[in-house]
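Read through the structure below, which is laid out as structure tokens, and then see the notes.
The values are calculated or read from the model by the stated rules, or taken from the named source; none is laboratory data. The structure displayed is predicted, hence computed values, not measured ones. Every residue, glycine as well, gets a Cβ built from its backbone with ideal geometry; the counts of neighbours run over all protein chains shown.
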Amino acid sequence: MPNLQRLKPRVPKVLFFDIETSPIIGTTWKKWDTNVVDIVEDWKMLCFAYRWGHQQTVKVVAQCDMDGYDPTRRPWTHSDDLAVCQALWALFDEADIVVGHNGDQFDVKKANARFLEHRLGPPSPFKTVDTLKVARRGFKLTTNRLDDIGQQLGLGEKAPSSYDLWRGCMAGEAKAWRLMKSYNRQDVHLLIAVYLELLPWMDRHPHMGLLSGELDGCRNCGSLNLTPDGFDYTATRVRQRVRCDDCGAWGKSTTSLPKIAAAYT
């Protein structure tokens, strides 16, 4: 007999995250528009912040909090960010949907690069929502940077930073690490705020409406608070159109209306 509990549908697990990496340290012959002559030290993952969609707390995992962290060891070795990468790998492996700003082109690929180098293998497959792509596809904003979108919509802004913050972390300064973790944490707070503001506009969001074995909830947030509002017409089908009373997204029924009823509606 099959394990019915294992087959029971569940709400997808949504992971919001942002990573911070160290710079590539190299030598050059010129300051501007030049190639690196030699890489003295390649980049590593300094830390990442994350929050599960069903939780309220943003957490940060950083090198400085890991066993064996030694700020005096220079240059950093291959394994210095291993524990951080393993922690992020485990979250990716658990997630159904991963959300980031420019996550598809930067954060996810950067994380995969470290997973590859550490021979961690690929985590279980997940879908992504990239709020940068949503902003570019749906709007013509003055700028699509997370900080600027947050300020334009009155949602907040990124914490102030400069290269000295990264320099301090690489030197093992405790104050710099505290500021870095705070900076990283604020990025995720802002990411979530922007995501929620853009959510009703997302027409390609992975389906969140899997409840009771049927796709009967809002595709963007999973809510059952749906109000019928008009119809969706194609050349061959007529479907009920609905509006989500929680996130504001529009959707439509998964099945066509009866032909006779549709003809006289």
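In table form, for the structure just shown:
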{"quantity": "Among residues of the stretch 147-156, those that are in contact with a Ser or Thr (Cβ under 9 Å, 6 or more places away or on another chain) and under 21 Å from D203 (Cβ atoms), counted", "calculated": "1"}
{"quantity": "Test for V194: is it in the same structural domain as D65 (by TED's automatic domain parsing), within 21 Å of L46 (Cα to Cα) and crowded, with 17+ Cβ neighbours inside 10 Å", "calculated": "no"}
{"quantity": "Options E197, E157: the member that is assigned to a helix (DSSP H, G or I), modelled with pLDDT of 95 or more and among the acidic types (D, E)", "calculated": "E197"}
{"quantity": "The lone exception for L88 - which of (1) at pLDDT 95 or above; (2) in a loop (DSSP other than H, G, I, E, B) it fails", "calculated": "(2)"}
{"quantity": "Subset tally (residues that are surrounded by fewer than 17 Cβ atoms within 10 Å (Cβ to Cβ) and out of contact with any Asp or Glu (no Cβ under 6 Å at 6 or more places or on another chain)) for the stretch 156-167", "calculated": "7"}
{"quantity": "Residue within the stretch 132-140 that is under 30 Å from D81 (Cα atoms), in contact (Cβ under 8 Å) with a residue 12 or more places away in the chain and in the same structural domain as T72 (by TED's automatic domain parsing) present", "calculated": "yes"}
{"quantity": "Neighbours by Cβ (under 9 Å, 6+ apart or cross-chain): first from the stretch 106-123, under 15 Å from A83 (Cα atoms); second modelled with pLDDT under 95 and exposed (fewer than 14 other Cβ atoms within 10 Å of the Cβ)", "calculated": "E117/H78; H118/H78; H118/S79"}
{"quantity": "Condition broken by V61, with the remaining ones in (1) modelled with pLDDT of 95 or more; (2) over 16 Å from the mean Cα position of the chain (by Cα); (3) within 20 Å of L165 (Cα to Cα) satisfied", "calculated": "(2)"}
{"quantity": "Which numbered condition T236 fails, given (1) surrounded by 17 or more Cβ atoms within 10 Å (Cβ to Cβ); (2) modelled with pLDDT under 90; (3) in a loop (DSSP other than H, G, I, E, B); (4) not aromatic (F, W, Y)", "calculated": "(1)"}
{"quantity": "Among (1) touching an Asp or Glu at 6+ places or on another chain (Cβ under 9 Å); (2) at pLDDT 95 or above; (3) more than 26 Å from A95 (Cα to Cα); (4) assigned to a helix (DSSP H, G or I) - the single one T142 does not satisfy", "calculated": "(4)"}
{"quantity": "Residue in the stretch 39-48 that is surrounded by 15 or more Cβ atoms within 10 Å (Cβ to Cβ), in the same structural domain as K13 (by TED's automatic domain parsing), within 15 Å of the chain's Cα centre (by Cα) and free of Cβ contacts under 8 Å to residues at least 24 places away in the same chain present", "calculated": "no"}
{"quantity": "Restricting the stretch 228-254 to residues that are of a type in the set (D, E, K, R) and under 23 Å from G138 (Cβ atoms), the residue that is nearest to the chain's Cα centre (by Cα)", "calculated": "D246"}
{"quantity": "Pair list, Cβ < 9 Å and 6+ apart or interchain, from the stretch 80-93 residues that are on the phi > 0 side of the Ramachandran plot and buried (at least 22 other Cβ atoms within 10 Å of the Cβ) to residues that are among the basic types (K, R) and assigned to a helix (DSSP H, G or I)", "calculated": "none"}
{"quantity": "Candidate set: the stretch 15-50, residues that are small (G, A, S) and touching a helix residue (DSSP H, G or I) at 6+ places or on another chain (Cβ under 8 Å); chosen: the one farthest from A95 (Cα to Cα)", "calculated": "S22"}
{"quantity": "Per-region count, the stretch 160-180, residues assigned to a loop (DSSP other than H, G, I, E, B) and either within 22 Å of the chain's Cα centre (by Cα) or under 15 Å from D65 (Cβ atoms) (or both)", "calculated": "4"}
{"quantity": "Index of the failed condition, N112 passing every other in (1) within 24 Å of R145 (Cα to Cα); (2) buried (at least 17 other Cβ atoms within 10 Å of the Cβ)", "calculated": "(2)"}
{"quantity": "Test: residue in the stretch 129-148 that is more than 18 Å from the chain's Cα centre (by Cα), closer than 22 Å to A49 by Cβ and crowded, with 18+ Cβ neighbours inside 10 Å", "calculated": "no"}
